[in-house]
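First the structure, in the form of structure tokens, and then the observations on it.
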Amino acid sequence: MARGWIQCEGEAIQVMNTGDIVWIPENVKHWHGATPDNAMTHIAIAESLNGSPVDWLEQVSDQQYQR
């Protein structure tokens with residue numbers, strides 16, 4: 001089973017499992033990715049704002065990921 005993590009700024013990491021639907025409100029800083037022991041694939045649907053569907057921020061640090 002695939003499993004991933006999602007974390008919105010200021011909140012605890014949440015687990016995502018196969019088939020889960022996750023909705024992130026506009027302008028909420030967050031990260032998502034695989035767990036250390038599981039792969040994760042996702043489909044993102046986003047509207048384009050100012051010509052770009054996403055505003056990439058800094059990479060997730062090892063310290064953030066390993067919490």
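Highest mean packing first, where packing is the average number of other Cβ atoms within 10 Å per residue, the peptides 39-51, 6-18 line up as 6-18, 39-51.
Across q = 0.20 Å⁻¹, the chain modelled as identical point scatterers on its alpha-carbon atoms has Debye log10 I(q)/I(0) values of -0.92, in the order of the q list. Using the Cβ-Cβ distance between TRP23 and ARG3 with R0 set to 22 Å, the FRET efficiency from 1/(1 + (r/R0)^6) comes to roughly 0.75. With K and R counted +1 and D and E -1, the other residues having a Cβ less than 15 Å from that of ALA44 yield a net charge of -4.
Coordinate-derived values only; no laboratory data. Note that the structure is predicted; figures quoted are calculated from it, not measured. Note that we place each Cβ from the backbone using ideal geometry, even for glycine, and neighbour counts take in every protein chain shown.
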